[in-house]
Amino acid sequence: NWSTTLQDCNRRVIINGVKDEQKRIYLDTRWPQLQHTKQFGMENQPFWRSEYRKHGTCCDNLYNEEAYFDLAMNLKDRFDILRILGNKGITPGQTYMVQKVQDAIRAVTHKLPKLKCV
């Protein structure tokens, strides 16, 4: 359904957090919770819970929380955006035309990325 974004699909879902300690360590390495101390983030998982509530609940009939984060890390590995951009000479801290960034990403993903400048 391309008519709407998929987010906050089930606000009533009970979120348990990632229970497996090894997965929490791995996830913290790959997707850190930067607004909190490492200890607080690992114990309470506010960022991960927020991401699951916002995006993961749209597929909770297919993936539980841990499976959702496994999938997210697999996609991150498959489409490493910083590496994709770096391979095209696009580096952080510089200014580029939007078209150049879109073309670099589309060459690998075969999809036009939805970019937002901040």
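Contact map, the range 59-87: first residue in contact (Cβ under 8 Å) with a residue 24 or more places away in the chain, second residue among the charged types (D, E, K, R), Cβ cut-off under 6 Å, separation 6 or more or different chains; pairs are M73/R30. Filtering the range 25-83 to residues that are open to solvent by 70 Å² or more (accessible area, probe 1.4 Å) and of a type in the set (D, E) leaves E43, D77.
If the condition is being in a loop (DSSP other than H, G, I, E, B) and within 12 Å of I81 (Cβ to Cβ), then the range 102-118 contributes P113, L115. A search for C-beta distances below 7 Å between a residue of the range 17-38 that is among the basic types (K, R) and any residue that is open to solvent by 50 Å² or more (accessible area, probe 1.4 Å), counting only pairs 6+ apart in sequence or on different chains, returns R30/K76.
For every residue, the table says whether it meets (1) part of a helix (DSSP H, G or I); (2) of a type in the set (F, W, Y); (3) assigned by the TED database to the domain that holds L34; (4) in contact with a Ser or Thr (Cβ under 7 Å, 6 or more places away or on another chain).
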residue	(1), (2), (3), (4)
Y52	yes, yes, yes, no
C58	yes, no, yes, no
Y63	no, yes, yes, no
Y68	yes, yes, yes, no
L85	yes, no, no, no
G93	no, no, no, no
Y96	no, yes, no, no
K100	yes, no, no, no
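Can you pull out the residues in the range 1-34 that are farther than 18 Å from L62 by Cα, part of a loop (DSSP other than H, G, I, E, B) and at pLDDT 90 or above? Matches in the range 1-34: K19, D20.
The values are calculated or read from the model by the stated rules, or taken from the named source; none is laboratory data. Given the structure is predicted, the values throughout are model-derived calculations rather than measurements. Here the Cβ is made from the backbone with ideal geometry for all residues, glycine too, and neighbour counts use every protein chain on show. Areas reflect the complete protein model, heavy atoms only, side chains present, ligands, DNA and RNA absent. Shrake-Rupley method; radii C 1.70, N 1.55, O 1.52, S 1.80 Å.
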